[in-house]
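In what follows, a single structure is set out as structure tokens and then discussed.
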Amino acid sequence: MKALTWQGLNDVAVKEVPDPRIEQPTDAVVRVTSTAICGSDLHLYGVLAPYLTPGDVLGHEFMGIVEEVGSAVGNLAVGDRVVVPFNISCGHCWMCSRGLFAQCETTQNVDQGKGASLFGYTSLYGAVPGGQAERVRVPHADFGPIKVPHEGEDERYLYLSDILPTAWQGVDYADVPEGGSLVVLGLGPVGQLAVRAAKHRGIDHVIAVDLVPERLAAAATAGATTIDLSAVDDVADAVRDLTDGRGADGVLEAVGMEAHGNPIAGAAISAASRLPKVVARAAIEKVGIDRLDALLTAFEAVRRGGTVSISGVYGGMADPMPMMTMFDKGLTLRMGQCHVKQWTDDLLDIVSQDDDVLGLESLATHRAPLDAAPELYRTFRDKAEGCLKVVLKP
Ligand SMILES: NC(=O)c1ccc[n+]([C@@H]2O[C@H](COP(=O)([O-])OP(=O)(O)OC[C@H]3O[C@@H](n4cnc5c(N)ncnc54)[C@H](O)[C@@H]3O)[C@@H](O)[C@H]2O)c1
Ligand SMILES: [Zn+2]
Ligand SMILES: [Zn+2]
């Protein structure tokens, strides 16, 4: 079958790879009908290169039709239409039984000191072949896949795999009190859905920050007050101006380790990803390699006693944090991979409503066959052609 494979720094290619097959009784094989490119894939494209091997199949946002099931998969039948959460969880371990699916103890990568395995996401997270492919083996299919109705566009359901629950959890973790304010930093697909989720959940005062004009415009259309970070001296000052001088009750950081704004850290990241693998891994694990601009903005823009919720992915082990400010302001921090299935029931109800309340069917700006993936990785990375979300149709 054909699949999108990682080949090297900023280099992906569609190649022939072996067909997936059932390896465990709890596996299923899914024929992929839609698969999206995520901001998290862009980290693999660049800074996380030391953890990939040429030929690795990428992709963790996908849905499709069940083609084959293992003998222990009683909940799915061949022909079912499913969307698959990006984290692979067993559903019954100590962590899963507490809803902490991103920390599943059955699929945890203990040798790497990391949480649950993820599709298409490096040797740190199990090196499980991903879903930007014609077919994919889904481990723990007796728990993970979410059955969806056969009617309706794929894109109504596709984002249940990752960005919709991620945005939802991010808003939840920001813990905005009734009548309060939320800042969303970063208006990629996660930030856009966070703005819409916040509005849907009754947070009226949403302030959205980015520097890409189309992304700011989309957030404004969804009802946010926008701040163009390239047009203000200081984002936190601009936020205080909009919040009675106090700062926002909650700040959701949806940017991650490649934040715009720090050329020195940027050079360090690109240098680290070009080093020989062993040296590069050591550098990433011992040194702060993240560009912290968005995170530092979050600590400044949140009010005293407020909450910073971090959805953006970070990778450095020794990133310097402004502990004096964080302590003095009495901040609460919540973060981590999304526990996708914790939010599925609530979200399935919302996405199934007749009117597409979160605008899911119009989020993607680019739709193309799998063969176009290499070009579209570049377009999405460069935020060219108004690109906000790419959906591939294998
Ligand atoms: N926690 C999770 O489970 C989870 C799941 C999905 C994605 N993510 C992460 O969420 C982040 C966002 O994902 P995405 O797909 O929306 O990515 P994206 O790269 O499309 O979006 C990031 C946005 O941040 C903007 N930005 C850059 N620097 C900024 C700054 N200093 N201040 C404000 N905005 C800035 C960029 O212009 C861009 O629009 C990524 O780090 C991704 O890895 C986490
Ligand atoms: Zn994703
Ligand atoms: Zn588990």
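The values are calculated or read from the model by the stated rules, or taken from the named source; none is laboratory data. All figures in this text were calculated on a predicted structure; none of them were measured in a lab. All Cβ positions, even for glycine, are placed from backbone atoms using ideal geometry, and neighbour counts span all protein chains on display. Calculation scope for accessible area: heavy atoms of the full protein, side chains included, ligands and nucleic acids excluded. Shrake-Rupley method; radii C 1.70, N 1.55, O 1.52, S 1.80 Å.
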(message) Just to make sure I understand: if all protein chains stay in place, what is the order of 331, 360 by accessible area at 1.4 Å, largest first?
(response) 331, 360
(message) What lysines does residue 15 reach when the alpha-carbon gap must be under 16 Å and sequence neighbours fewer than 8 apart in one chain are set aside?
(response) 2, 393
(request) Find, among the GluC sites (Glu not before Pro) in region 56-96, those assigned to loop by DSSP (not H, G, I, E, B) with at most 13 other beta-carbon atoms within 10 angstrom. (result) none
(message) Which of 26, 325, 122 ends up with the largest GNM mean-square fluctuation for the chain, with Cα atoms connected below 10 Å?
(response) 325
(message) Sort 356, 233, 154, 241 by heavy-atom solvent-accessible area, probe 1.4 angstrom, most to least.
(response) 233, 241, 356, 154
(message) Whole-Hz ³J(HN,Hα) for each residue in region 163-179, computed from phi via Karplus 6.51 cos²θ - 1.76 cosθ + 1.60 with θ = phi - 60°, x for glycine and proline: what do you get?
(response) 5, 6, x, 4, 5, 5, 5, x, 5, 4, 5, 6, 6, 6, x, 4, x
(request) Express in Å², to the nearest 10, the accessible area of residue 378 obtained by rolling a 1.4 Å probe over the protein heavy atoms while all chains stay in place. (result) 110
(message) Can you compute the helix-only [θ] at 222 nm over the chain? Use -39500 (n - 2.57) per DSSP H run of at least 4 residues, normalise by all residues, nearest 500 deg cm²/dmol.
(response) -7500 deg cm²/dmol
(request) Holding the Cα-Cα limit at 31 Å, pick out from 329/389; 329/383; 199/389 the pairs that are longer than that. (result) 329/389; 329/383
(request) Just read off the accessible area of residue 214 with the full protein assembly in place, 1.4 Å probe, to the nearest 10 Å². (result) 90
(message) Through the Karplus equation 6.51 cos²θ - 1.76 cosθ + 1.60, θ set to phi - 60°, convert the phi angles of region 345-358 into ³J(HN,Hα) values in whole Hz; use x for Gly and Pro.
(response) 4, 4, 6, 4, 4, 5, 6, 7, 5, 3, 7, 6, 4, 9
(message) Can you give me the long-range amide H partners of residue 33? Hydrogens built in the peptide plane at 1.01 Å from N, cutoff under 5 Å, separation of 5 or more residues or another chain.
(response) 63, 64, 65
(request) Enumerate the calculated ³J(HN,Hα) couplings along region 41-46 in order (Karplus 6.51 cos²θ - 1.76 cosθ + 1.60, θ = phi - 60°), each rounded to whole Hz, writing x wherever the residue is Gly or Pro. (result) 5, 5, 5, 5, 4, x
(request) Calculate I(q)/I(0) for the chain by the Debye formula, one identical point scatterer on each C-alpha and no solvent, and give its log10 at q = 0.09 Å⁻¹ to two decimals. (result) -0.50
(request) Hey, can you grab everything whose amide H is under 5 Å from the amide H of residue 87? Only 5+ residues off in sequence or another chain; H modelled, so Pro and N-termini drop out. (result) 340
(request) Name the long-range amide H neighbours of residue 60: under 5 Å, sequence gap of 5 or more, or other chain; modelled H, no Pro or chain starts. (result) 131
(request) Using a Gaussian network model of the chain whose springs link C-alpha atoms within less than 10 Å, name the residue from 176, 232, 209 with the highest mean-square fluctuation. (result) 232
(message) If you average the C-alpha positions of region 133-171 and of region 352-394 separately, how far apart do those two centres end up, in angstrom?
(response) 16
(request) Please list 221, 53, 107 in order of solvent-accessible area, largest first, computed with a 1.4 Å probe with all protein chains present. (result) 221, 53, 107
(request) Excluding residues on the same chain fewer than 8 positions from residue 147, give the lysines whose Cα lies under 18 Å from its Cα. (result) 341
(request) Can you bin region 27-104 into rounded, prolate or oblate? Criterion: square roots of the alpha carbon gyration tensor eigenvalues sorted a ≥ b ≥ c, rounded for a/c under 1.5, prolate for a/b above b/c, oblate for the rest. (result) oblate
